[in-house]
Structure formats: C-alpha cells, structure tokens
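These notes concern the structure reproduced below.
The values are calculated or read from the model by the stated rules, or taken from the named source; none is laboratory data. Model, not experiment: these values are computed from the prediction. For neighbour counting, all protein chains shown are included, and Cβ atoms are generated from backbone atoms with ideal geometry for every residue, glycine included. Ligands, DNA and RNA are stripped out before the accessible areas are found, and what is left, the full protein with its side chains, is counted by its heavy atoms. Shrake-Rupley method; radii C 1.70, N 1.55, O 1.52, S 1.80 Å.
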Amino acid sequence: MAKTKTSFFCQSCGANSPKWLGKCPSCGEWNTYVEEVVSKSSASDKEIWQSGDLVRNAPKKIQEVVFDERHRLQTGTTELDRTLGGGIVPGSLVLIGGEPGIGKSTLLLQMAIRMKQSKVLYASGEESLEQIRMRAQRIGIEAEDCFLLAETSLSAILTHAKELKPDLLIIDSIQTLHTESIEASVGSISQVRECTGKLMKYAKQTNTPVFLIGHVNKDGAIAGPKVLEHMVDTVLQFEGDRHLSYRILRTSKNRFGSTSEIGIYEMRETGLREVTNPSEVLISPRDGYLSGVGIGATLEGNRPLLIETQALVSPATYGTPQRSTTGFDVKRLNMLLAVLEKRLGVRLSAQDIFLNLAGGLKVNDPALDLAICASVYSSFEDVPIPSSICFAAEVGLGGEIRAVNRIESRISEAAKLGFDQIYLSGYNVKGLDLSKFDITIKSFTRLAEAFSDLFS
Ligand code: TYD
Ligand code: MG
C-alpha cells in the first residue's frame, strides 16, 4: 500500500506547497489553495494500454525521421483545417478552450461526424449518449464510423480506445475525467494534470491525435494549471458573444503551424456554419442616410476583414456622460475621444457615446482608430459617411494619422468588396505601388486634413 501524502495546490496556476497559503506566491490569486492527495503511483497500476504494445524509443538520426504533410488528417471543414495549420497532425494533443455554451461540444461533434474517412471516438463525461445523438441529429449525421462513449473514467476510455483503435479521440471535457491512480477529486488540478499526462502518452505512443475540451475560468484562461498548456501541442480558443451568432476559433499555441490563423463560424439552428467571406456578413447593407457608420479594414490573424463600426453620440441628459462599447476597448475609445476634443475641438464632453462593432466580434486592432473617429464625428454632426468609403489607420495622441501593418492585404480586401475609396496614413503609402489596386487611395498625415476631405 502506497503511503498517502497530501499537498496543497493552487487551483489557478497549479503551484504547490506543503502548507495552506492564503495568497498564491506564484500567481497572486487569493484563496485558491486546496489540499489534494498525492500518492506515489506504484509500478503495478500501469495503464492497460501501456503494458502491451509499449513502443520502445531509440534515438534516431534527424534525416531518418520522416514526416509527410499528407499524414495530416483532414477534418472536413476548411476553417478548422486552416486554424490547425493544415489538418490534424498524428499523435498531437489539441486543447480547445471556451466559455460554457459557446459551442465547443458542437464544434467537435460536428467535426467527428463530418470525418467520413476516419474512425472517431467521442468520449463525453458531460452528456449522455441520447443527448449527444440528439445534438448530432440537429447538425445532420454523415459519418458511419463515429463512436460515442459516455464515460468519466480515464482508464475505461483508454481501454475502449485500445480496442477500437480510432483515428481520432475526442474528450469532452478534460475537467470531468478522473483517473484512479491519484485520489484527488474530479476537476482538481492534480486530476486534470494527471489525466492530460496519460492522454498525452496515449497520443504519442499510438500516434492517435487527441482533442481535449477544456473549461475556462472567470478570466477566460483555460481552467487548470498553466502546465496544461505546456503539455499540449496546440491550444485553440473558441470565442464570441454567446448571445450573438459569430464565433472565432483562434490558435494561441501551435507546435505544428502558425498561430495567426483563425476560423470564423456562425452558430445556426443546425450547428456551426463556416463563414468563408466574413467581410460580407459583417457589413450590413445601408440604404440612404445613416450617420455614425464607418467601415474599418482590420486583420484577424492573417485574414483581412472589413468591419462596421457604429457610433451614436447624443446629449447626456443627466450626470456623467456614458461611454459604452461592444467589441472594442473602452479605454481606447476614451483616448480617441480625447484626441477629437483636444486636437479638433469637437465638444464631446457633454455627450453620451456608444460604440458597437458589428457581429459581436472583439477587435483590438489600432487600424480601426480612424474608422471610429470618423463614425463618432459623423454621428455628432449627423453627416453620413458615403458607403463606398473605408478606413485603415491608427490615430496618435497628437491627432496624427499613423501607419498600420499589412496594409496591402487590407487594401486588396477593400477593393475586392467593391469599396471606391480607402483612407490611409501618408506614411503607409510610401513605397507602395498604388496602380495595382482597383481602389482610390487617399492618404493623410493629420486627422484634421482627413476630416476636412471627408466631411466637407
Ligand atoms: P455547446 O456546444 O453545448 O457549448 P459548449 O460545449 O461550449 O458548452 O453549444 C451550446 C449552444 O449552442 C447552446 O446554447 C445551443 C446552441 N446550438 C445552436 O444554436 N444550434 C445547434 O445546432 C446546436 C447543436 C447548439
Ligand atoms: Mg459542452
């Protein structure tokens, strides 16, 4: 009988200490230490899958190691394939995090039932088989080789996986799993870490890719120790506003591809639909006279995206004027308002100002600054901005218009969508071959100049 030993673990960052602590010295969180049992696992409780076909590792010359890009498993959805860097790498461990109800289970179930050529095992500790089947019914079942398992014991899941030999294993979610080899409670840091470690061994030894769904804590980080993110090969974040339909799948870590790829989805009655031309859905058709709308050319990952910024400026009736934003940093808006006030003399201090980015997306790209300044001013003066104009420039504290990165892809996207004019920083057009774009480029170095051109 192994001697039981306990230790205190911070539930936020995974640091441990032999004594209880009020404040975690490692992450600074309060009241996060919980006592957990750490019994040394004895040699006898080796996992079943380990004992049989344990692959002996031997050093290999680097030239002898072959990897063929074609070995990547295609998920059947282009957005997900692209986000992963071109498909799923065999033996990789992928963690998908996101707020409850954002659509993580839907995304992975949809992937499972779309992978017609592959055998997939979807193990859920959260829902019953009937519930999963019901969800699959909504999405539309296509695959014949998709197996479901409602189970929370990791060793049971691995035993089944060993028998079934799936091409892909999906775990929904890592926080519901438990392994008998340690005594800590389900969802605790040590359980999560131990289970992830075992799944990683399974993935590497059998060369089966494993997807883990992970819950996020109140700060939006994946619940569980940071080490979880170090252990896995790829970390994806599924984000968006739960009440609006657009979702973004972002890579925050990828050992096998770039982290600047994103996937955009729309949550429908019948599951998630890929959005292949996001700019078209993010700009609402405008008829006639509407002030306070400016289109900005932003970048999400590698993808240029035209997004509608809407401002409403109206006199504040009482108290402190309100400043409220959806999808944009309110501090940055306040800064832009101060620039308008100070450098252009626009009297905004007694006005309520609301700013929305269309589609529920969160953007913190400074290239939207000019579009936002223009839409605020447009609403304030009640003069609409022509719908054929878009913007891509940062605004500095001195009221100067600054250059932004990857300007060519922003201009191309605007031209592709049929805009006639794009307003840029004068510093951005230096060395740029303007003739290759099918759009009029107007460049300015001061906000005042841009406004006098736009609103005169
Ligand atoms: P879910 O995948 O259960 O979220 P998570 O696993 O991240 O907690 O998705 C839940 C939401 O998605 C739920 O509010 C219902 C909605 N939904 C649709 O709108 N259409 C659908 O086809 C499905 C399956 C879910
Ligand atoms: Mg779920």
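Taken about its Cα centre, the chain carries a charge dipole of about 1180 debye when Lys and Arg each add +1 at the Cβ and Asp and Glu each add -1 at the Cβ. Rounded to whole numbers, the Karplus 3J(HN,Hα) couplings from phi for the range 402-412 are 10, 6, 10, 7, 6, 5, 5, 6, 5, 5, 4 Hz, using 6.51 cos²θ - 1.76 cosθ + 1.60 with θ = phi - 60°, and x at Gly and Pro. Charge dipole of the range 281-454 (Cα centre as origin; +1 on each Lys and Arg Cβ, -1 on each Asp and Glu Cβ, all else neutral): 380 debye, rounded to the nearest 20. Rounded to whole Å, the principal axis extents of the Cα atoms in the chain read 83, 51, 48, largest first. Total lysine pairs in the range 281-454 at Cα distances under 24 Å, for residues eight or more apart or on different chains: 7.
Cross-link pairs exceeding 19 Å in C-alpha to C-alpha distance, out of LYS165/LYS253; LYS162/LYS198; LYS116/LYS165, comprise LYS165/LYS253. Between the residues HIS243, ALA350, SER185, the greatest Cα displacement towards the positive end of the dipole of the chain, with unit charges on the Cβ of Lys, Arg, Asp and Glu, is found for SER185. Considering the range 77-142 at the alpha-carbon level, its Rg and Dmax are found to be 12.4, 33 Å. The 3J(HN,Hα) values that the Karplus relation (6.51, -1.76, 1.60; θ = phi - 60°) gives for the range 361-367 are, in residue order, 7, 9, 10, 10, 9, x, 5 Hz. Gly and Pro appear as x. Per-residue ellipticity at 222 nm computed for the chain from its helices equals -7500 deg cm²/dmol, with DSSP H segments shorter than 4 residues left out and the rest contributing -39,500 (n - 2.57). Per residue, the accessible area of the range 404-456 comes to 51 Å² when a 1.4 Å probe rolls over the protein heavy atoms.
Take the Cα of THR152, step 7 Å toward its Cβ, do the same at ARG347, and the gap between the two points is 6.4 nm.
Computed from the C-beta positions of ARG406 and GLU280 and an R0 of 25 Å, the FRET efficiency is 0.80 to the nearest 0.05. Approximating the spin labels as points 7 Å out from Cα along Cα→Cβ, the PHE67-to-PHE455 distance works out to 5.4 nm. Applying a DSSP loop filter and a limit of 13 other Cβ atoms within 10 Å to the chymotrypsin sites (Phe, Trp or Tyr not before Pro) in the range 285-333 leaves TYR289, TYR318. Under a 5 Å amide H cut-off, with hydrogens placed 1.01 Å from N, SER252 pairs with VAL235, LEU236, GLN237 among residues at least 5 apart or on other chains.
Grouping the Cα pair distances of the range 281-454 into 10 Å bins from zero gives a pair-distance distribution of 10, 42, 36, 10, 1, 0 percent in increasing distance order.
Short-range pairs are left out: with C-alpha atoms under 8 Å and at least six residues apart, the relative contact order of the chain is 12 percent.
Placing R0 at 22 angstrom, the Cβ-Cβ distance between GLN117 and SER260 gives a FRET efficiency of 0.15 after rounding to 0.05. If one computes the Cα centroid of the range 115-170 and of the range 320-379, what distance in Å separates the two points? The range 115-170 and the range 320-379 have Cα centres separated by 47 Å. In this calculation the C-beta distance from GLU126 to GLU29 is compared with R0 = 22 Å, giving a FRET efficiency of 0.25.
For the chain, the carbon plus sulfur part of the accessible surface works out to 51%, probe radius 1.4 Å.
Using the Karplus relation 6.51 cos²θ - 1.76 cosθ + 1.60 with θ = phi - 60°, the per-residue 3J(HN,Hα) values for the range 427-437 come to 6, 7, 8, 4, x, 9, 7, 5, 5, 7, 9 Hz, with x marking Gly and Pro.
Amide H contacts of ARG402 (H built 1.01 Å from N, in plane; Pro and chain starts excluded): GLU394, VAL395, GLY396 sit under 5 Å, all sequence-distant by 5 or more or on other chains.
Taking packing as the residue-averaged number of other Cβ atoms within 10 angstrom, the listed peptides 114-127, 421-434 run from highest to lowest as 114-127, 421-434.
Using the average count of surrounding beta-carbon atoms within 10 Å as a protection proxy, the listed peptides 373-381, 178-186, 131-139, 300-308 rank, highest first, as 373-381, 300-308, 178-186, 131-139.
Extension gain for GLU180 to ILE141 (0.36 nm times residue separation, less C-alpha to C-alpha distance): 10.6 nm. Solvent-accessible surface of the range 283-366, taken per residue with a 1.4 Å probe and all protein chains present: 48 Å². If you take the square roots of the eigenvalues of the alpha-carbon gyration tensor of the range 75-276 and sort them as a ≥ b ≥ c, do you get rounded (a/c under 1.5), prolate (a/b over b/c) or oblate? Rounded shape, in that the Cα axes give a/c under 1.5.
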